[in-house]
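The values are calculated or read from the model by the stated rules, or taken from the named source; none is laboratory data. Small disclaimer: the values here were computed from a predicted structure and weren't measured. Note that each Cβ is placed from the backbone with ideal geometry, even for glycine, and that neighbours are counted across all protein chains shown. Surface areas here come from the heavy atoms of the whole protein model, side chains and all, with no ligands, DNA or RNA. Shrake-Rupley method; radii C 1.70, N 1.55, O 1.52, S 1.80 Å.
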Protein chains: 2
Amino acid sequence: MKRIKGLPSRPSGRPGAMARQEFLAFGGALLATVGLTGEAGSDPLPSWNDGAAKQAILEFVRVTTDSSNPKYVAPSQRVATFDQDGTMWVEHPIYTQVVFAFDRVIALAPQHPEWKTTEPFKSVLSGDKAAMAKFTVKDFEAIVFATHTGMSVNAFSAIAADWIGTAKQPRWNHLYTDLVYLPMLEVMRYLRANGYMTYIVTGGGQDFVRAYSDRVYGIPSRQIIGSAVETQYTYGKNGQTVLMRAPKLELNDNMSGKAEDIYLFIGGPPQAAFGNSTGDQQMLEYTQSGGGACLMMLVLHDDAQREYAYGPATGLPDTKVGTFTQALYDEAKARKWSVISMKQDWKRLFAFGS
Amino acid sequence: MKRIKGLPSRPSGRPGAMARQEFLAFGGALLATVGLTGEAGSDPLPSWNDGAAKQAILEFVRVTTDSSNPKYVAPSQRVATFDQDGTMWVEHPIYTQVVFAFDRVIALAPQHPEWKTTEPFKSVLSGDKAAMAKFTVKDFEAIVFATHTGMSVNAFSAIAADWIGTAKQPRWNHLYTDLVYLPMLEVMRYLRANGYMTYIVTGGGQDFVRAYSDRVYGIPSRQIIGSAVETQYTYGKNGQTVLMRAPKLELNDNMSGKAEDIYLFIGGPPQAAFGNSTGDQQMLEYTQSGGGACLMMLVLHDDAQREYAYGPATGLPDTKVGTFTQALYDEAKARKWSVISMKQDWKRLFAFGS
């Protein structure tokens, strides 16, 4: 597990791994807390404002880790799943992986002179934003297959890692991975510190996320569930074996696919799930279906000033990217899921800055 | 992780979890060893005879867990995969799951009067062994879809768990799960005690194995990779959500499929892999392709007296069940994979008896 920039290495102790400055700050907070409560501990969710959302997380961990509580969950059963786009990092104005795919079209264009006159590539190469905004699922599939397949799995991983290591989001002029929400990283670390395995369950590409998941989220490849193309086991020229990426969708990890793929990979529902859009509805329902203690949360983007505002109760129209319908909002209320207000619940959004 | 019958709970220490008797026996062995070598430790593989196979396992663990060794493997990267049929338990005269499927045909026959006159069900119901021996892949698929799909995932798991809890193998008159090889359980536990995650990677059904994997192998559902049918997320009569098993193959986890599915689930090759047939060839090749320290082993069934004999160098013809061709044997030698001779390398086969 790598250190995550801007986040104290060990929110609940073990100062050995900390930088000196962090250790001193942590020590001060610790001493202050000890003086008041008589037990060691600091706030594990410092980027969260006090409120129902933060309390729901703390309460969930409290009851599921207390062996005398009827809602106790055995350590071997502790699993939490996190959607990525819009839940773990910024998804507007467009999903990061779509920017990656468009950048790959531009990079590969010299090898494909026919793209200049062939849609959907033509619109990407000419930067025709109006045309790109109207791309269909079939258009995106053509772009994904042209840019994400036809190479070995190792070659693709290297391409994705290179891109994510340098590409910047224009609004903040920061790396896309800097736009991971600090409050959500704190939740991940807090859950792990309490014995939970954390998984990403994304409609985005499994292998795209794997290219940075360990470094950015502290989550290994085996805990990344996502949309995937088929791979084909082949023999190279010298008899060495190569897994090639084929232009055929194997897993569509969105909507019902999230519940189905969680079952495929894990074998049962998680105890906690975090999402932000209709693509996460079934994942949260499936989590709740497990019975016992469970935690279902949806991030609502209602902070136009610090990030973006879309979805119900924002006074703004919904969007195609990260759709949060009124129906989902109503289901959340009916099923007692927690809605996280970015504006109200998050003290701070990113690790960079202040 | 459950206790496995007949195997000491903690082969390398931590007596707190042991039964008293085991603890005393372990303590005695420990003291004897300390006196001779000056370091604590007992034989982690007591059911193995000394020989090249046992040494290969011990050496692999030694070099990959010694941080000063150039072949050291970081704990987060330690993964070992095990085929099931013929590698972890007896696969002759026929795979256990096939017996399960035939038993299910018999159990479900009253609800399907048409089966009396429809193949392949007719042959199963009439006990026509000659006809069953000639079943094609399509015949088996028809039987699997009729017996393994059309119910919820939870219903299937309960059916499989019930069956495996009572059905007995006729030759030994023991539960099928008693026919797990004690030497291989020792390898699994030894690897886990040294930081390796253990996975089952089986051509058999993922969910069939999940019904007993925790109890029998100490392996949780999320570390079972296997052939799988598609599941479909549906809503029940009262709005509750149900994952239904559909009659469509999603993963065929055999041959090349093993390498492809290991990549899908784990994201890269394991460091060690254990198999016994041509269905495991690509898994072992893929393991070796990762470079660095790796261990590839094949179990050869050459013990007609204690179990069965088939495959090369046994003097007996090969079989359709667990095929171990001469070509695979030659590849093993060329690639320096270890071949485990059941007859020579295993002191004891099962936990029952003595």
Might you check whether a residue that is surrounded by 15 or more Cβ atoms within 10 Å (Cβ to Cβ), part of a helix (DSSP H, G or I) and charged (D, E, K, R) occurs anywhere in region B:84-97? no
Just one of (1) over 21 Å from A:Y196 (Cβ atoms); (2) over 18 Å from the mean Cα position of the chain (by Cα); (3) part of a loop (DSSP other than H, G, I, E, B) trips up A:F324, so point out which. (2)
It is to be established whether one or more residues within region A:142-154 are open to solvent by less than 60 Å² (accessible area, probe 1.4 Å), touching a Leu at 6+ places or on another chain (Cβ under 6 Å), within 24 Å of A:I262 (Cα to Cα) and β-branched (V, I, T). yes
Residues of region A:113-122 being surrounded by 15 or more Cβ atoms within 10 Å (Cβ to Cβ) and either touching a His at 6+ places or on another chain (Cβ under 9 Å) or in a loop (DSSP other than H, G, I, E, B) (or both), in sequence order, are A:P120, A:F121
I want to confirm something. Restricting to region B:295-339 and keeping residues that are under 18 Å from B:G203 (Cα atoms) and among the polar types (S, T, N, Q), which single residue is surrounded by the most Cβ atoms within 10 Å (Cβ to Cβ)? B:T319
Given the criteria acidic (D, E), in a loop (DSSP other than H, G, I, E, B) and more than 20 Å from the chain's Cα centre (by Cα), does A:D318 qualify? yes
Could you list, in sequence order, all residues of region A:123-139 that are surrounded by fewer than 15 Cβ atoms within 10 Å (Cβ to Cβ) and part of a helix (DSSP H, G or I)? A:K129, A:A130, A:A133, A:V137, A:K138
Only one of (1) open to solvent by 20 Å² or more (accessible area, probe 1.4 Å); (2) more than 12 Å from every other protein chain (Cβ to nearest Cβ); (3) farther than 23 Å from A:I224 by Cβ is not met by B:L182, so which one is it? (1)
Only listed residue being of a type outside the set (V, I, T) and under 27 Å from B:A309 (Cβ atoms), chosen from B:G239, B:G267, B:G257, B:G275: B:G275
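Name the single residue, out of those in region A:266-294 being of a type in the set (A, V, I, L, M, F, W, C) and surrounded by fewer than 24 Cβ atoms within 10 Å (Cβ to Cβ), that is nearest to A:A327 (Cα to Cα). So that I can check it myself, show each step before the final result.
First, pick out the residues of region A:266-294 that are of a type in the set (A, V, I, L, M, F, W, C): A:266, A:272-274, A:283-284, A:293-294.
When the remaining residues are screened for being surrounded by fewer than 24 Cβ atoms within 10 Å (Cβ to Cβ), the result is A:266, A:293-294.
On the way: A:I266: 29, A:A293: 25, A:C294: 22 Å.
Per the stated criteria, the residue is A:C294.
Where in region B:202-292 are there strands (runs of 3 or more DSSP E), lying wholly inside it, with at least 3 residues that are at negative phi, within 9 Å of chain A (Cβ to nearest Cβ) and in contact with a helix residue (DSSP H, G or I) (Cβ under 9 Å, 6 or more places away or on another chain)?
Working: elements: B:224-235, B:241-251, B:272-275.
Result: B:224-235, B:241-251.
Quick check on A:A158: is it open to solvent by 30 Å² or more (accessible area, probe 1.4 Å) and modelled with pLDDT under 95?
No.
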One residue from B:V144, B:V137 being aliphatic (A, V, I, L, M) and at pLDDT 95 or above: B:V144
Starting from region B:327-340, keep only residues that are free of Cβ contacts under 8 Å to residues at least 60 places away in the same chain, then list their pairs with residues that are of a type in the set (V, I, T) whose Cβ atoms are within a distance under 6 Å, requiring at least 6 positions of separation or different chains. B:L328/B:T278; B:A332/B:V339
